[in-house]
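Below you'll find the structure, written out as structure tokens, and then a few comments.
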Amino acid sequence: MKNAQEQVSLVRIAASELRDIGAKCNENVQLRVRDGLETVCVARWESTQAVRVHGNVGNRRPLHAGASGKVLLAFAPEEVRQAVLTSNLVRFTPETITQRSKLTQEIAKIVKLGYSVSISEMSDGAVAVAAPVFDVTGNIVASLSIAGPSSRLTADNLPAFVQLVQDHALRLSASMGFSRDAKLIA
């Protein structure tokens, strides 16, 4: 019951951040949590754009694919990372990472940079950026992401989207009691 209460609290706290980031970028914004070896969308702000990346609250995905999944995987406990690395890594598109060595390198890069990018990993033509949301103990509790079509999330403006998602993930983390001085659990 405690996890359900924490999730409801997280969603309630995140609602204003999702609206704020969505209003700034008018792309889909998601909050995802880890459930075993999958991610689950627990909150979402929907873009008003005619062409957008589709998804629903409750949607599940594996941890190895997509920006949010990779962020949740990168900061998950070691036993979770090992379970994913030794599992069958399903391919969704030609860009999905299915090689264990490449996924291990990607995880290390995400931990170093503090964000993840996915270009056509889950759906052709979809781009997403995600950043971790931490709690007061430094544990990851969620990923915050922005997703849209590659025609709007381009190489030229991707750094601005990364900065936007990182800033809001940090604000959401602070709302959860996280301090930059806390030791991250990774």
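The values are calculated or read from the model by the stated rules, or taken from the named source; none is laboratory data. Keep in mind that what you see is a predicted model, and the values were worked out from it rather than measured. Virtual Cβ from ideal backbone geometry, glycine too; neighbours counted across all protein chains shown. All accessible areas refer to the heavy atoms of the entire protein, side chains included, with ligands and DNA or RNA removed. Shrake-Rupley method; radii C 1.70, N 1.55, O 1.52, S 1.80 Å.
Among the residues of region 87-99, those identified as of a type outside the set (S, T, N, Q) and open to solvent by less than 60 Å² (accessible area, probe 1.4 Å) are Leu89, Ile97. Those helices (runs of 4 or more DSSP H) of region 68-186 in which at least 1 residues are within 20 Å of Ala15 (Cα to Cα), considering only elements entirely within it, cover 158-175. Within region 59-67, one or more residues are part of a helix (DSSP H, G or I) and under 19 Å from Leu153 (Cα atoms).
Being of a type in the set (Ser, Thr, Tyr) and either open to solvent by 80 Å² or more (accessible area, probe 1.4 Å) or touching a Phe, Trp or Tyr at 6+ places or on another chain (Cβ under 8 Å) (or both) is a condition met by no residue of region 60-76.
If I filter region 32-56 down to residues being in a loop (DSSP other than H, G, I, E, B) and of a type in the set (A, V, I, L, M, F, W, C), which single residue comes out as modelled with the lowest pLDDT?
Ranking the candidates gives Val51 first.
Might you check whether a residue that is of a type outside the set (Val, Ile, Thr), within 23 Å of Glu17 (Cα to Cα) and surrounded by fewer than 16 Cβ atoms within 10 Å (Cβ to Cβ) occurs anywhere in region 100-113? Among the residues of region 100-113, at least one is of a type outside the set (Val, Ile, Thr), within 23 Å of Glu17 (Cα to Cα) and surrounded by fewer than 16 Cβ atoms within 10 Å (Cβ to Cβ), which makes the answer yes.
Within region 20-32, the set of residues being open to solvent by 10 Å² or more (accessible area, probe 1.4 Å) and in contact (Cβ under 8 Å) with a residue 12 or more places away in the chain comprises Asp20, Lys24, Cys25, Asn26, Gln30.
Checking the structure you have, find out if any residue of region 141-153 is without any contact (Cβ under 8 Å) to a residue 24 or more places away in the chain and under 23 Å from Val53 (Cβ atoms). No, region 141-153 contains no residue that is without any contact (Cβ under 8 Å) to a residue 24 or more places away in the chain and under 23 Å from Val53 (Cβ atoms). Of all residues in region 63-88, exactly one satisfies the criterion of being closer than 19 Å to Ser118 by Cβ, among the charged types (D, E, K, R) and more than 10 Å from the chain's Cα centre (by Cα), namely Arg81.
Being surrounded by fewer than 14 Cβ atoms within 10 Å (Cβ to Cβ) and not hydroxyl-bearing (Ser, Thr, Tyr) is true for just one of Ala160, Ala131. Which residue is that? Step by step, each of Ala160, Ala131 is checked, and only Ala160 is surrounded by fewer than 14 Cβ atoms within 10 Å (Cβ to Cβ) and not hydroxyl-bearing (Ser, Thr, Tyr).
Per the listing Val80, Val136, Val84, the residue uniquely among the β-branched types (Val, Ile, Thr), in contact (Cβ under 8 Å) with a residue 12 or more places away in the chain and open to solvent by 30 Å² or more (accessible area, probe 1.4 Å) is Val136.
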